[in-house]
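Only one structure is covered here, and it is reproduced in the block below.
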Amino acid sequence: MADDKKKSKVASKGKSESSQKTVCAATQLMIDKAAKDGVSTVFDRVETIKPCPIGAEGSCCKNCAMGPCRVPAPKKKKESKEEKAKRVGVCGATPETISARNFVRMVAAGTSAHSDHARGVAETFLLAAKGEAPGFEIKDEQKLLQLAMDFGIDLENKSTKKIAIELGEVVLAEFGRQEGETALTKRAPLKRQELWRQLDIIPRGIDREIVELMHRTHMGVDQDYRSLLMAGARCSLADGWGGSMISTELQDIMFGNPVPVHSKINLGVLREDEVNIVVHGHEPLLPEMLVAAVKDPELQKLAEEKGAKGINLAGMCCSANEILMRHGIPVAGNFLQQELAIITGAVDAMTVDVQCQMQSLAQVAQCYHTKLITTSPKAKITGAVHIEFDENDGLNIAKKIVKEAIENFPNRKGEIFVPKEHTTDMIAGFSHETINYLLGGIFRSSYRPLNDNVINGRIRGVAGVVGCNNARTTHDDHHLKMIKELIKNDVIVLTTGCSAMACGKAGLLTPEAARIYAGEGLASVCETVGIPPVLHMGACVDNSRILMAATAMVKEGGLGDDISDLPAAGAAPEWMSEKAIAIGQYFVASGVFTVFGTTWPTIGSEETTRVLFEEFEETLGGKWAFEPDPIKAANLMIAHIDSKRKALGIDKARERVLYDMEMRRELESA
Ligand code: BF8
């Protein structure tokens, strides 16, 4: 922040401003049921546990046992040099070092989560390539060949099987690579790669960058906040152009590249008279096997024998996005709805693997009959049943889980209540290849029509709105307010994760939404092509699809020669996880202006915040911003998009479009 006035404004913006818990009617009904049943949920706990103000601003250093040292931002506006010199930790660490360390540790944790997910997928891919993982196969051969070429594999005179095995081995080696450049960074626009090289922030190996960041932030190592923040940028690139991209690519190869698919969303997709299995977490390996297992005739028969009308599989969080995108499996809800699914009393089993699973699920499950089943050796929950997933025997394990759910169906107790009237239709499945195809048609698939419509001003720009729910903001509200403001202003929105689910529930993921919510220019394009104004691109690892879409726009031509030239912006208005910080940081390091809401974790240091919010634009071409008001945040994004349009010399085109609309209105009223 440039001055004290600005800084105190940022600090006060971090406070929660609303007592309304949700804008989702189904969620509210289930919060009411939880209260009636005497069950505590995240919506109750957030009222009683206030965030530690010093931790929230990134001013608590607990990296050694001389502390924890609390070095909060000064209360008064002007601080003398002597006062500032005293505001340090026991070892002398300054507020800049402490806040930068805390920030980049979040980047390291987020990168590790996406990348360890990727490692699991790569291990399964290699087994599948060798024919040693029954049920897993190579579904998208074209994508396999493309990825193999990106990893420098010579394809000549090799069978698909041989290429796949080589690819699996090379990809696994990518995690432990010690030097050189992470292979998929070469997919970025050339100018971006050159900038990364100049700044020496191209990741070497994925694990190496995470380990180095943990080392740098150990007591007494890197104590220059700029150096720490740049190392954070490098680590984040190992996520976006490394771990996350590897997950997306290998999953597409094994399970199929998503294409537009119709489905339904919200807690109403659960069925009172069927066995309900909710699959929650992130890795799509078990979910894919469950999709096959629930169709097993013997298990269907067993369900009938137990008095159920069928077996209903539904998703929660990013696991939901994975099987929605590829199979159209209905989605029960996003992050803040996980406990509420169990509170319906109709969930016979909930499986969890890794990430975003609240420990409270075990207590909530005990109040009903639900079997909570942990499936990853990396993530156990006290009180849950553990049935470990093994890719060597995936289908049988999935069948075992389905059987557990069926056997549990007769054990339902208490009032069963599914908010049946609350489901919404949606279209998901927009991979970046699909956008290419939809816009250009089968024989001339290309981003040209998208670029042309940006250049002619019908589409003002592109926004990636992604990320979590956070119980400290009204559930779904900030996603929806921001996205409606963007599309109203002709900004097409690409969405993933829990944000995509908020959009689905609110009806924004249908082509009809264009006419209702989008500005005239965007609506005309959506109607011509038959797409929604908000495109669901998948789970959080699929934010790598947004990087690829942005790169495709640059390569198509006419919109500059780097991602930072595009009229584009990113946002996570309800973020809560460390993964979101890693994602935001790789967007910024890829040249994108990125706005986060809710709270900002470096407020304790004016200088660290200034580097992230201002200086990064000079060095990286992208920068962070914090704005908890979603409408104001959307307008920051629109202003940025307009500034990029101006720099590209295409601002006049949009003025003409607006003039045309005005003329049309005049004609209509004449
Ligand atoms: O990875 S958006 S709450 S579910 S972290 Fe988690 Fe956030 Fe949801 Fe998926 Ni992403």
* If you take the Cα atoms of the range 142-240, find Rg, then find the Kirkwood Rh from the mean of 1/r over all pairs, what is Rg/Rh? -> 1.07
* Asked: Let a ≥ b ≥ c be the square roots of the eigenvalues of the Cα gyration tensor of the chain; is it rounded (a/c under 1.5), or, if not, prolate (a/b larger than b/c) or oblate?
  -> rounded
* To do: Of the listed pairs K481/K505; K264/K371; K33/K484; K295/K403; K36/K413; K33/K420, which have alpha-carbon separations greater than 19 Å here?
  => K264/K371; K33/K484
* Structure fact -> From most to least accessible, 1.4 Å probe, no ligand or DNA/RNA atoms counted, M553, M230 line up as M230, M553
* Asked: Roughly how large, in nm² to one decimal, is the mean projection of the convex hull of the alpha-carbon atoms in the range 252-328?
  -> 5.3
* **Dipole magnitude (debye, nearest 20) for the chain, charges at Cβ of Lys, Arg, Asp, Glu** => 1680
* **Full-extension gain in nm, K162 to D629, via 0.36 nm per residue minus C-alpha separation** => 162.8 nm
* For the range 75-193: relative contact order, % (alpha-carbon pairs under 8 angstrom, 6 or more apart) -> 19
* Asked: After finding the eigenvalues of the alpha carbon gyration tensor for the range 54-138, what semi-axes result from the square roots of 5 times each, listed largest first in whole Å?
  -> 47, 12, 8
* To do: May I ask for the Kirkwood hydrodynamic radius of the range 187-335, worked out over all distinct Cα pairs and given in angstroms to one decimal?
  => 18.6
* To do: Treating each Cα of the range 70-214 as an identical point scatterer and ignoring solvent, apply the Debye formula and state log10 I(q)/I(0) at q = 0.15, 0.18, 0.20 Å⁻¹.
  => -0.88, -1.10, -1.23
* To do: Over the chain, average the accessible area per residue using a 1.4 Å probe and give it in Å², no decimals.
  => 38
* **Alpha-carbon centroid distance for the pair the range 175-231 / the range 476-518, whole angstrom** => 34
* When the convex hull of the Cα atoms of the range 436-497 is projected onto a plane and the area is averaged over all directions, what value comes out in nm²? -> 4.8
* Structure fact -> Checked against a 32 Å limit on the C-alpha separation, the offending pairs among K77/K632; K488/K646; K158/K191 are K158/K191
* Asked: Just the Cα atoms of the range 265-405, one point each, no solvent: what log10 I(q)/I(0) does Debye give at q = 0.16, 0.18 Å⁻¹?
  -> -0.73, -0.95
* Enumerate the whole-percent occupancy of each 10 Å bin, from 0 to the last occupied one, for all C-alpha pair distances of the range 406-547. => 12, 38, 29, 12, 6, 2, 0
* Asked: For the range 484-590, what ratio Rg/Rh do Cα atoms give with a Kirkwood hydrodynamic radius?
  -> 0.97
* Asked: For the chain, with the dipole built from +1 on Lys and Arg beta-carbon atoms and -1 on Asp and Glu ones, taken about the Cα centre, which of L290, Q366, L213 lies farthest toward the positive end?
  -> L213
* **Kirkwood hydrodynamic radius of the range 497-546, Cα pairs, Å** => 11.2
* Viscosity 1.567 mPa s, temperature 4 °C: Stokes-Einstein D of the range 536-602 from its Kirkwood Cα radius, in µm² per second? -> 102
* Asked: Given V491, C468, A506, which one lies farthest toward the positive end of the charge dipole of the range 437-528, if we put +1 on the Cβ of every Lys and Arg and -1 on the Cβ of every Asp and Glu?
  -> C468
* For the range 183-274, just the Cα atoms, rotate onto the principal axes and tell me the three extents in Å, largest first. => 60, 35, 20
* Asked: When you take every Cα atom in the range 329-380, what is the radius of gyration, and what is Dmax, the widest Cα pair distance, in Å?
  -> 10.5, 28
* For the range 581-648, report the translational diffusion coefficient in µm²/s to the nearest whole number, using Stokes-Einstein at 20 °C, 1.002 mPa s, and a Kirkwood Rh over Cα pairs. => 174
* Asked: Over the range 353-422, with a single point scatterer placed on each C-alpha, what log10 of the ratio I(q)/I(0) does the Debye formula yield at q = 0.24, 0.28 1/Å?
  -> -1.16, -1.26
* Which whole-number percent of Cα pairs in the range 320-466 have a distance greater than 24 Å? -> 49
* Quick one: net charge of S376's neighbours, Cβ under 14 Å, K/R +1, D/E -1? -> -4
* **Surface share of carbon and sulfur [accessible, 1.4 angstrom probe, percent] for the chain** => 53
* Structure-based [θ]222 nm, the chain - -39500 (n - 2.57) summed over DSSP H runs of at least 4, per residue, nearest 500 -> -15000 deg cm²/dmol
* Please report Rg over Rh for the range 69-116, where both radii come from the alpha carbon positions and Rh follows the Kirkwood definition. => 1.16
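The values are calculated or read from the model by the stated rules, or taken from the named source; none is laboratory data. Predicted model only: the values in this text are computed from it and were never measured. Ideal geometry is used to build each Cβ from the backbone, glycine not excepted, and the neighbour counts take in all protein chains shown. Ligands, DNA and RNA are stripped out before the accessible areas are found, and what is left, the full protein with its side chains, is counted by its heavy atoms. Shrake-Rupley method; radii C 1.70, N 1.55, O 1.52, S 1.80 Å.
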